[in-house]
Amino acid sequence: MNPAKSPPNPTTSMGSTSTTMSDDTFRDDDAFDVAPNWKLVWWRFKKHRLALVSGVVLMVIALIAVFPDFFSTRNPHKTSAMQSFMPTQGIHFFFEGSLIPHMDKLVGKRNSTTLKMEWKSHKTQKVPVGFFVEGYDYQILGIIDTNIHLFGVSDPKSLQSIHLLGTDRLGRDQWSRLMHGTRVSLSIGLVAVSLSIFFGILLGGISGYFGGWVDMIIQRFIEILQSLPPIPIWMALTASLPRDWSVEQTYFAITIILSMIGWTTLAREVRGRFLSMREEDFVMAAHLSGCSQMRIIFRHMLPTFTSHIIATSTLAVPVMIINETFLSFLGLGLRPPAISWGVLLQEAQNLQSIALAPWLLLPGLAVIITVLALNILGDGLRDAADPYS
Amino acid sequence: MLQYIIKRLLLLPFLLFVFSIIAFILIQAPPGDFLTSYIAELAASGSSIERAQIDALRTLYGLDQPYYIQYIKWVSRLLTGDLGFSLDWQKPISELIGERLALTLALGIGTFIFTWMVAIPIGILSATKQYSFFDYFFTVFNYIGVATPTFMTALVLMWIAFKYYGLSITGLFSPEYIDATWSFDRTIDLLKHLWLPVVILGMDGTARLARVMRANLLDELKKPYMEMARAKGLSEWRLVMKYPVRLALNPLVSTIGWYLPLIFSGSVIVATVMNLPTIGPMLLRALISQDMYLAGTIILIYMILAIIGTLISDILLAWLDPRIRMEDN
């Protein structure tokens, strides 16, 4: 969103890469002329403040996805019948004027008429909270054994527990489950998009480069796939996955199912680029210098629109994340004991549960924040990747 | 024009043929045939089904014959208007789907009208008053609208209505009208309930459409003919409405092709959460209980709705834009 744009610098026209035009006037022309494509994209991208902020947010989310146990306070699978439906709780940093992070101790009492557990914070008893404390044992990336967590109950031997985002029906700690759900939900999005990119570039490239009847067949195939109603098809496909499959098998099956329709958009874009580029001088030059077709495609043509592919894929990830959430929410995607944001939201499927425990809706906030950040980042990348906007 | 429409219509049988094959594959996708799992389920629940009835069903669907014969049997029964029998509900499928299909259509079309009525004014105002508070407000709103899964909106609104007003905003009818026959009062009752799912379902689409409209209109507003018309003394408002808005609407019509099917397919989730009597929740139930012929029929209906959506957009586009209908000649 910058209303005033200076005209493109006439001295920056270059032969081979078409994306060297920019509105960067504050850089001297020399640096500009020799800058590689990615640097130009980065200069433009930096101006988009909101996209930069989104990038930072996403880095934090990615960190959680890689080290979910470090951010958790309790084993996400651990149930505890006596602690069901505990409400959310904030951390207080000051106690009687000095810096002692703590949380109120919650005391449960069963209401004698409704038989519902009611939790009240204990006025005098506090649970001291510390950072980098010892907690349950886990492995970092499945290699290093440790028990250090970002925060938790200060005294590792105490029987008390803290629940930042409350607990669910089975008394499982929702904060820890959310951390673990991040890994699954985010990675499903990334894996499904990677598959889409692979098929999109492969088939779109073949279609656009060779043209003719190959192009005809692939295009009709894409049209048919795109005119299918996606959600009912996904539902039917995921419902037909055998119930006795392991979590990993279901996980990969779902990524494949999600990318089955996702690749078509990318394939069309890649095809369009190839079609328009086939006639360009630099492709002709490569032909005449005796480059093989593979080399022309991968060394000369593909690099000119890598930034576009990255931007389009960034915008495709949130779509995949939402779709996985839909499917798991409906009980057709991942199933417990797997944890994803959709699986967590399954607990909040009907009015009765959200009336009883509204904090079960909080994983939805994680979905919204992640999708928002990815969309803004993707828009920023797309604007930066497009030299003519 | 007529030639163009006929061309499009001629494609229909082919598309339907391909789609019916896909639907059939989806019916066959679960491991084992549905009858076996149905018998197993009955046995597990303690009841049983008579041998003769099983055999009758087996021959009806041709389950002992190869796939292509099963497909032909299924399709030829569909063509004669016989949608089959639902084992789960113990009712003919056509009887089950009838009213639900009408309500699905009402929900979809209602959402579509709502989206257009809201998105176009927002798009026009955002573009003509670019970088104003209004524009920024709707940019934020649009981002959030796209990022929020529809079922989250539904759940949050249901919770708010319950918590602060003690209302249960589910279903499409008040209790006394659920099983009533159609009457004027029942239609009014439906409209009273329909608006909320329409708004929830339309939020994402409104956000997207407003963005498309804003971008299209901004492109038009920069063109030289605007200067020309201004120089001739046309008032700003009339000028905007008369030329650029009409031109900016054109690309918007082409979004009908993907948007209408998207509404129908997206309504599955909202309908499930809000417990609406449409074909969506029925599809979910059929898939979970492996009532595959019911599921297949509903999927085929969604496919047909998708085709109709694309067809409408193609015809509208050709009617609005002569370049498209001339292209093929």
Open item on the list: In 10 Å bins starting at zero, report the fraction of Cα pairs in the protein assembly as shown per bin as a rounded %.
Closed with: 2, 11, 20, 24, 20, 13, 6, 2, 0
TODO: Can you grab the distance from the C-alpha centre of the range B:236-253 to the C-alpha centre of the range A:314-350, Å, no decimals?
DONE: 40
Open item on the list: Can you find, among B:Ile256, B:Trp319, B:Leu194, the residue sitting farthest towards the positive end of the charge dipole of chain B, where Lys and Arg contribute +1 and Asp and Glu -1 at Cβ?
Closed with: B:Trp319
- [ ] Could you give the C-alpha radius of gyration of chain B expressed as a fraction of 2.2 N^0.38 Å, taking N as the number of residues it contains?
- [x] 1.22
Task: Peptide A:370-381 - average C-beta neighbours from other chains (10 Å radius) - done: 2
TODO: Using a 10 angstrom cutoff on alpha carbons, build the Gaussian network for chain B and name the most mobile of B:Thr128, B:Thr278, B:Thr206.
DONE: B:Thr128
- [ ] Report the relative contact order of the range B:1-122, percent, no decimals, based on alpha-carbon pairs under 8 angstrom and at least 6 residues apart.
- [x] 12
Task: Dipole in debye (nearest 20) - the range B:151-217, about Cα centre, beta carbon charges: Lys, Arg +1; Asp, Glu -1 - done: 460
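What whole-number value in cubic angstrom gives the convex hull volume per residue for the C-alpha atoms of the range B:161-305? Could you put the intermediate results ahead of the total?
Details: hull volume 26.6 nm³, N = 145.
About 184 Å³ per residue, rounded to a whole number.
Viscosity 0.890 mPa s, temperature 25 °C: Stokes-Einstein D of the range A:114-169 from its Kirkwood Cα radius, in µm² per second?
180
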TODO: Could you please tell me the mean projected area of the C-alpha convex hull for the range B:76-135, averaged over all directions and given in square nanometres to one decimal?
DONE: 7.1
TODO: Step through the table entries A:Lys47/B:Lys129; A:Lys105/A:Lys157; B:Lys222/B:Lys242; A:Lys126/A:Lys157; B:Lys129/B:Lys242; A:Lys116/B:Lys163, compare each Cα-Cα distance with 20 Å, and write down the pairs that go over it.
DONE: A:Lys47/B:Lys129
TODO: Please name which of B:Tyr68, B:Leu218, B:Leu300 has its Cα lying farthest along the dipole of chain B towards the positive end, using unit charges on Cβ (Lys, Arg +1; Asp, Glu -1) and the Cα centre as origin.
DONE: B:Leu218
- [ ] Go ahead and estimate [θ] at 222 nm for chain B from helices alone: -39,500 (n - 2.57) per DSSP H run with n ≥ 4, summed, over the residue count, rounded to 500.
- [x] -26500 deg cm²/dmol
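Please find the FRET efficiency linking A:Lys47 to A:Thr88, where r is the Cβ-Cβ separation and R0 is fixed at 41 Å, and quote it to the nearest 0.05.
On the way: r = 38 Å, r/R0 = 0.93.
In this case the efficiency is close to 0.60.
Relative contact order of the range A:136-293: what whole-number percent is it, with Cα pairs under 8 angstrom and at least 6 residues apart?
Numbers: 111 pairs, mean separation 40.5, N = 158.
Relative contact order comes out at 26 percent.
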Open item on the list: Please list, in order, the residues from the range B:86-106 whose amide nitrogen is less than 12 Å from a point placed 7 Å along the Cα→Cβ vector of B:Arg186.
Closed with: B:99-100, B:103
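Taking the Cα centre of the range A:276-335 as origin and charging only Cβ (+1 Lys, Arg; -1 Asp, Glu), how large is the dipole, in debye to the nearest 20?
Numbers: 4 positive and 4 negative charges, 46 e Å.
For this selection, approximately 220 debye.
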Open item on the list: Just to check I understand the Karplus step: with θ = phi - 60° and J = 6.51 cos²θ - 1.76 cosθ + 1.60, what whole-Hz values come out for the range B:15-28, glycine and proline as x?
Closed with: 4, 4, 4, 4, 5, 5, 5, 4, 4, 5, 4, 5, 4, 7
TODO: List, in order, the whole-Hz ³J(HN,Hα) value for each residue of the range B:154-163 obtained from phi through the Karplus relation with A = 6.51, B = -1.76, C = 1.60 and θ = phi - 60°; use x for Gly and Pro.
DONE: 4, 4, 5, 5, 4, 5, 4, 4, 6, 5
Task: Nonlocal amide H pairs with A:Arg172, under 5 Å, H built at 1.01 Å - done: A:Ser80
Task: Percent of Cα pairs exceeding the 20 Å cut-off, where the set is the range A:62-138 - done: 50
TODO: Sum up the charges of everything whose Cβ sits under 12 Å from the Cβ of A:Ile376, counting Lys and Arg as +1 and Asp and Glu as -1, but leave A:Ile376 out.
DONE: 0
Task: Residue among B:Thr59, B:Val245, B:Met282 farthest towards the positive dipole end of the protein assembly as shown, charges placed on Cβ - done: B:Val245
Open item on the list: Check which residues have an amide H placed less than 5 Å from A:Leu164's amide H, if you skip close sequence neighbours.
Closed with: A:Trp175
Open item on the list: Given bins 20 angstrom wide, list per bin the percent of all Cα-Cα distances in chain A, short to long.
Closed with: 22, 45, 26, 6, 0
Open item on the list: Angle check, please: helix B:34-44 long axis (alpha carbons) against the longest principal axis of chain B (alpha carbons), in degrees 0 to 90, nearest 10.
Closed with: 60
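Suppose every Lys and Arg Cβ carries +1 and every Asp and Glu Cβ carries -1, with no other charges. What dipole size does the range B:170-250 come out with about its Cα centre, to the nearest 20 debye?
Numbers: 12 positive and 9 negative charges, 158 e Å.
Approximately 760 debye in magnitude.
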Open item on the list: Calculate the FRET efficiency for B:Gln53 and A:Val56 from the Cβ-Cβ distance with a Förster distance of 56 Å, rounded to the nearest 0.05.
Closed with: 0.30
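Using only alpha carbon pairs under 8 Å that are at least six residues apart, calculate the relative contact order of chain B and give it in whole percent. Working shown, then result.
Details: 309 pairs, mean separation 84.0, N = 329.
Relative contact order of chain B: 26 percent.
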Open item on the list: Multiplying the sequence separation of B:Ala29 and B:Trp258 by 0.36 nm and subtracting their Cα-Cα distance, what value in nm do you get?
Closed with: 79.8 nm
Open item on the list: Going by Cα centres, the range B:83-123 and the range B:143-219 are how many Å apart?
Closed with: 14
Task: Computed label-point distance, nm, for sites B:Ile160 and A:Trp38 using a 7 Å Cα→Cβ extension - done: 4.5
Open item on the list: Straight-line reach only, C-alpha to C-alpha below 22 angstrom: list the lysines that B:Lys73 could link to, leaving out same-chain residues fewer than 8 apart.
Closed with: B:Lys91
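Each reported figure results from applying straightforward, stated rules to the coordinates on display, with no laboratory input. Because the structure is a prediction, the values reported are computed rather than measured. Ideal geometry is used to build each Cβ from the backbone, glycine not excepted, and the neighbour counts take in all protein chains shown.
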